[in-house]
Amino acid sequence: MLAHLLSVLCLTAVKASEAKIIFRKSLSTEIPFLYAAGNPINVTLDIYNLGTGSAYNLKASDAWPRDYFDIEGEMEAEFDEVQASGHKQHNFTVTPKFDATPEKPLLYVRGFPAELIFSTDEAGEDRTHAISTQMRDILVRSAEEYKRLTAKHNMEWAIFSIGMVASVLVPFVTWLYFSNLKGVPPSKPKKE
């Protein structure tokens, strides 16, 4: 009985010092969730260790298609250790390269996760494969479409404002003019 209790306590001690990894992939742009050719997308890979033990020999990778994106920075990162309650981060930038045509006005990129390989022991024998949270599918717009969507439309606002001012002021001035006459029609000139 005592041997069984000791083995349970040893197993509990081993389990208590495990690494528990959360691997997160996130994208950020100047305007959230609006992607366009020539506008950079910042990719962040976050590794959080919520466990009580360390994770070792971590290798994070994210494979973006080079046919459609210019990559600035490394898509792979290696870390020796992420301690308990620790956090590591890797950033790189991708820029869509896309020429819109009437047949293909948008580039559709299906969301894909990043990959992480790590071990829970320092010797590197216990290897674990993990995937990140998956990014949402993205639609890459042409540069012209992006400019149209993000334009300030100053001329349109000026025309709209003039129309609104005219539609309010013309009836008001007319009412003001006739209310000052107090219902008396203008006098007719006398004939002599």
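The values are calculated or read from the model by the stated rules, or taken from the named source; none is laboratory data. The model shown is predicted, which means the values in this text are computed figures rather than measured ones. Because the Cβ atoms are built from the backbone with ideal geometry, glycine has one as well, and the counts that use them run over all protein chains shown. These accessible areas exclude ligands, DNA and RNA; they are computed on the full protein's heavy atoms, side chains included. Shrake-Rupley method; radii C 1.70, N 1.55, O 1.52, S 1.80 Å.
Geometric descriptor of segment 87-165, per residue, is 185 Å³ (volume of the convex hull of the Cα atoms).
One quarter of the surface of the convex hull around the alpha-carbon atoms of segment 56-125 equals 6.1 nm², the direction-averaged projected area.
Across segment 44-110, C-alpha contacts under 8 Å between residues 6 or more apart give a mean separation that, scaled by the residue count, equals a relative contact order of 40 percent.
Within the full protein context, the accessible area of residue 150 is estimated at about 50 Å² for a probe radius of 1.4 Å. Long hydrophobic helices in the chain: the complete DSSP H runs spanning 18 Å or more by Cα along their own axis with mean Kyte-Doolittle hydropathy of at least -0.5 are 2-16, 154-180.
What accessible area per residue comes out for segment 45-123, rounded to a whole number of Å², with a 1.4 Å probe?
Counting only protein heavy atoms, the per-residue value for segment 45-123 is 56 Å².
Using a simple spin-label model with pseudo-atoms 7 Å out from Cα toward Cβ, residue 147 and residue 50 lie 4.6 nm apart.
The alpha carbon radius of gyration of the chain, expressed as a multiple of 2.2 N^0.38 Å, is 2.03.
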